[in-house]
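The values are calculated or read from the model by the stated rules, or taken from the named source; none is laboratory data. These numbers come from a predicted model, not from an experiment. Here the Cβ positions follow ideal geometry from the backbone for every residue, glycine too, while neighbour counts run over all protein chains shown.
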């Protein structure tokens with residue numbers, strides 16, 4: 001009797017490869033002076049591409065965290081239980097310095113090296129990167145209060161993952177979270193109603209936080225209304241005497257995207273908080289943290305694009321249809337190359353921003369101003385492109401991509417997050433406008449950067465001139481903000497791609513995104529684009 005079920009023409013699993021073997025990423029690492037980290041990057045990349053790490057991510061996602069408000073005896077405990085593989089993902093991230101370690105690392109390119117590692121490890125599981133990112137971002141805000149920074153920064157930068165609710169100073173390493181938004185205001189944090197009452201050397205916080213990321217963290221930076229106005233506070237989970245700070249976890253959010261990470265509503269019931277910075281300057285203090293998490297939003301979106309691209313290209317290289325491999329079909333090559341261009345542009349600008357953090361930390365004011373403007377426009381545009389990119393990558397797998405086992409639905413659900421987190425599209429675009437008004441030198445730094453590629457490509461030159469023209473007209477500029485910021489972001493990407501030196505990608509990017517010889521959907525590249533050269537840069541095994 002012949003077999004009734006024979007499996008043929010199915011794509012093998014994408015596993016056992018080095019996720020860091022991506023020319024766009026490695027070229028950016030070298031351009032930013034972090035080539036010393038390449039060996040570590042490849043070690044982490046091989047782990048991220050392994051069956052083991054993929055299994056960690058899969059099971060952490062399929063077994064989401066559980067809120068335990070009380071113990072069996074009725075005592076309030078407010079703990080979140082995670083799958084053991086969540087802790088493995090966190091351990092690897094901390095040991096590889098993806099959290100606050102760069103702030104204690106004097107090597108040139110430390111922040112860029114951390115960004116590149118974060119990029120590759122995100123492919124194992126994006127959810128756990130949230131608390132890792134906030135731990136990284138907490139340090140510059142905490143430095144507004146030197147005494148607190150001296151106490152907590154070494155533990156935030158420690159490469160020991162020490163999970164569990166204990167007094168912070170008794171632990172070998174700490175994780176930080178953020179507690180900003182409230183239900184009545186969202187991004188408008190000036191509308192916050194949580195109150196902070198002075199009480200000796202600390203304050204007592206009372207109020208309800210609508211979104212608190214990573215509620216299992218050891219410490220949080222929180223906003224509350226003090227007598228002098230909206231202020232920033234460090235709020236520990238466990239107090240110095242070993243008792244629990246009265247922070248009540250009301251519920252975990254049922255999110256569209258990742259399930260491996262927990263986000264919670266928190267009730268502060270006279271929770272102890274320590275002032276960070278001055279009273280009334282809470283936004284100015286916590287914006288240091290927000291700027292760093294916005295960088296990680298850009299990195300996360302770029303990593304998501306790369307993850308989708310890898311799956312789509314891998315599928316096309318192994319799947320046959322209509323008499324040949326999909327990768328050899330001109331129209332499929334058009335789609336895949338277009339996805340590759342978008343991913344490479346996103347990766348390149350994300351790593352350039354990380355390099356600017358390094359140089360700004362070393363005292364380069366020009367790079368600090370470039371980061372201010374370039375981060376605002378890139379956070380808006382790169383994160384905005386991620387959902388469309390994920391949808392097209394999923395479609396490349398056909399019906400197989402629509403099945404949960406492929407991992408593509410998970411990628412698709414996660415893709416809108418970065419455009420919402422730390423300021424949705426309008427907030428990010430208006431932030432660029434605000435920078436132009438309050439820090440005009442940041443706009444000049446932006447033009448200094450893109451002008452480095454002037455004369456290389458007439459299409460880029462025309463686009464740079466168009467940005468200047470758009471900004472020279474102040475009429476209804478707020479109404480046009482998205483249009484202007486989108487153009488600024490693409491001009492920056494085009495300039496960086498040319499400076500990075502890959503002619504095929506830069507040429508195709510400028511032909512499509514800047515001179516508009518392009519359709520609306522991915523896969524509408526014009527004739528003459530070297531799709532083969534572009535796709536050769538996508539290494540799937």
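A few notes on this one:
- Neighbours by Cβ (under 9 Å, 6+ apart or cross-chain): first from segment 141-166, outside the structural domain of residue 78 (by TED's automatic domain parsing) and on the phi > 0 side of the Ramachandran plot; second assigned to a helix (DSSP H, G or I) and at pLDDT 95 or above: none
- Considering 335, 276, the condition of being crowded, with 23+ Cβ neighbours inside 10 Å, touching a helix residue (DSSP H, G or I) at 6+ places or on another chain (Cβ under 8 Å) and outside the structural domain of residue 498 (by TED's automatic domain parsing) is satisfied by 276 alone.
- Remark: residue 465 falls outside the filter, which requires a residue to be free of Cβ contacts under 8 Å to residues at least 40 places away in the same chain and either surrounded by 15 or more Cβ atoms within 10 Å (Cβ to Cβ) or under 19 Å from residue 351 (Cα atoms) (or both).
- Counting only strands (runs of 3 or more DSSP E) that sit completely within segment 186-238, those holding 2 or more residues that are under 30 Å from residue 161 (Cα atoms) correspond to 202-213, 219-226, 229-236.
- Inclusion of residue 368 among residues that are surrounded by fewer than 24 Cβ atoms within 10 Å (Cβ to Cβ), in a helix (DSSP H, G or I) and either in contact with a helix residue (DSSP H, G or I) (Cβ under 7 Å, 6 or more places away or on another chain) or in the same structural domain as residue 301 (by TED's automatic domain parsing) (or both) is warranted.
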